[in-house]
1. When the residues of the range 323-340 are narrowed to those that are aliphatic (A, V, I, L, M) and not in a helix (DSSP H, G or I), which ends up farthest from the chain's Cα centre (by Cα)?
2. Within the range 326-344, which residues are within 26 Å of ILE410 (Cβ to Cβ) and open to solvent by less than 10 Å² (accessible area, probe 1.4 Å)?
3. Could you please let me know if VAL168 is modelled with pLDDT of 95 or more and in a strand (DSSP E or B)?
4. Enumerate the pairs (first residue in the range 226-252 and within 17 Å of TYR164 (Cβ to Cβ); second residue anywhere and at pLDDT below 95 and in a loop (DSSP other than H, G, I, E, B)) with beta-carbon separation below 8 Å, excluding pairs fewer than 6 apart on the same chain, so at least 6 apart or on different chains.
5. Out of curiosity, is VAL228 in contact with an Asp or Glu (Cβ under 7 Å, 6 or more places away or on another chain) and over 15 Å from ILE277 (Cβ atoms)?
6. Considering only the range 411-427, how many residues are under 17 Å from ASN452 (Cα atoms), open to solvent by 10 Å² or more (accessible area, probe 1.4 Å) and either touching a Lys or Arg at 6+ places or on another chain (Cβ under 7 Å) or part of a strand (DSSP E or B) (or both)?
7. Here is a check on your reading of the model: is GLY177 open to solvent by 10 Å² or more (accessible area, probe 1.4 Å) and assigned to a loop (DSSP other than H, G, I, E, B)?
Amino acid sequence: MKPDPIPDPSRPSRGRLPRTAALTGAAGTLAAGLVLVLAGTASAGTTLGTAAAEKGRYFGTAVAAYKLSDSTYSGILNREFNMVTPENEMKWDATEPNQNQFSYGSADQIVNYAQSHGMRVRGHALAWHSQQPGWAQNLSGTALRNAMINHITNVAGHYKGKIYAWDVVNEAFADGGGGGRRDSNLQRTGNDWIEVAFRTARAADPGAKLCYNDYNTDDWNQAKTQGVYNMVKDFKARGVPIDCVGFQSHLNNQSPYPSNYRTTLSNFAALGVEVQITELDIEQANTTWYRNVTSDCLAVAACAGITVWGIRDSDSWRSSQNPLLFDGSGNKKAAYTAVLDALNSGTPVPTTAPPTSNPPTSAPPTSPPPTSAPPTSEPPTSPPPGNAGCTASVTLNQWNGGFVANVRVIAGAAALNGWSVTIALPSGASVTNTWSAQASGSSGAVRFANVNYNGTVGAGQSTEFGFQGTGTGPGAGSVQSCTAA
């Protein structure tokens, strides 16, 4: 979640690249003129990173530090990508677990790995209402505002000169028809908190691009998209240091690829910011949608690159939806070929970029966005036989000291009009944040109930919720019950 209005292939990686890496694909770190020469003379790129670099862009992925020792995982990473985003290791709970006591071990591991392999780094995320350490959750008002400023100053300062772009603020706008801000402890410190976060980040790391990052902002006609657009427009008019906007693009049947996706990217770019696709994953790796997203990015000069949120399906926070470009064994999927072909067919960033687009001429649309929040999953091919209630399964992303759990709730032979799931947490584990569900309790046997937008689930269909916590997360067999309301 930085200062050039168009992608800047001349911007160097933070740290000297090994000669071999520079020769084998980190062309995004070379001078713009050289990138364009390569694009005109080299054969089509054979990996995602090299193909993107030949067009003056990057192709990245989210990385977990503890998986770098997995040879299949690291092999694909080294071969295919030229940008990395730490999945959880730079978030507030990971970098400042106790107030003013900073911990950078896992994040440093990723940054050092990236630099040694000729990759750049997107920093994610400095200020977010979720994945806050417990001490920050217990603060409010001036104390929380000062803690946020101190956190950004220290973390961005620690990585000064090593980060291509920071997701300075993450997911600050609410779902729903109003297009306004999300109610959070940070928002309650004052409506200027986002501006303060960006100004603080610029002071701490003047060379990094500064991004706002959010989900469900892909469709130009939605109120949430317009809310973010208006904030960026205001920031640019008043000189608030915002350089880029990140589009998470977690796409599925409930939040599909919109036909105006390219319009959205172009209209934001017309404000003078870089646009980046930051957390792309698509349910069942829909080949057409992956191709379209890639082509849309390449059609907008200010679209700097694409990051997929994980490498293999088994690495995804939505693993039950098989949303990535490599299957659980590391094999390329049809969507991989579609993306590679789109990259090789795309337009290089011109030496002097033409105007990105004209600002929208019509008033922002008034139609409300869908009421569903981030994505529910595709129904299984057939409902679980003989089950009139529901079943649930847990997918875990564990790191040292914390975890994120994703839970899939599947209706049985009858539709659900409400549901609850009870999950037994291991001793010492504690829930700190929950999304798409309401939690009762934080340790031991924790009951999660539906929220208003995902209580109705058709027979044999499914929805998902998630939670984040400290300690060791719940594994197989942790679901004690799934009950239809």
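The values are calculated or read from the model by the stated rules, or taken from the named source; none is laboratory data. Computed from a predicted model, the values in this text were never measured in an experiment. Glycine gets a Cβ as well: all are built from the backbone with ideal geometry, and neighbour counts include every protein chain shown. Ligands, DNA and RNA are stripped out before the accessible areas are found, and what is left, the full protein with its side chains, is counted by its heavy atoms. Shrake-Rupley method; radii C 1.70, N 1.55, O 1.52, S 1.80 Å.
1. Of all residues in the range 323-340, those aliphatic (A, V, I, L, M) come to 324-325, 334-335, 338-340.
This time we only want the ones that are not in a helix (DSSP H, G or I), so: 324-325.
Numbers: LEU324: 13, LEU325: 16 Å.
Selected residue: LEU325.
2. PHE326, ALA335
3. Details: modelled with pLDDT of 95 or more: yes; in a strand (DSSP E or B): yes.
Here the answer is yes, as VAL168 does meet what is asked.
4. PRO241/PRO3; ASP243/LYS2; ASP243/PRO3; ASP243/ASP4; CYS244/LYS2; GLY246/MET1
5. Working: in contact with an Asp or Glu (Cβ under 7 Å, 6 or more places away or on another chain): yes; over 15 Å from ILE277 (Cβ atoms): no.
For VAL228, the condition - in contact with an Asp or Glu (Cβ under 7 Å, 6 or more places away or on another chain) and over 15 Å from ILE277 (Cβ atoms) - is not met.
6. Taking the range 411-427 as the starting set, the residues that turn out to be under 17 Å from ASN452 (Cα atoms) are 411, 415-421.
Now drop any that are not open to solvent by 10 Å² or more (accessible area, probe 1.4 Å), which leaves 415, 417, 420.
Now restrict to residues that are either touching a Lys or Arg at 6+ places or on another chain (Cβ under 7 Å) or part of a strand (DSSP E or B) (or both): 417, 420.
Qualifying residue count, the range 411-427: 2.
7. On the way: open to solvent by 10 Å² or more (accessible area, probe 1.4 Å): yes; assigned to a loop (DSSP other than H, G, I, E, B): yes.
Criteria met by GLY177.
Each row is one residue, and each column tells you yes or no for (1) open to solvent by less than 10 Å² (accessible area, probe 1.4 Å); (2) part of a loop (DSSP other than H, G, I, E, B).
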residue: MET148; (1), (2): yes, no
residue: THR153; (1), (2): no, no
residue: LYS160; (1), (2): no, yes
residue: ARG188; (1), (2): no, no
residue: ARG202; (1), (2): no, no
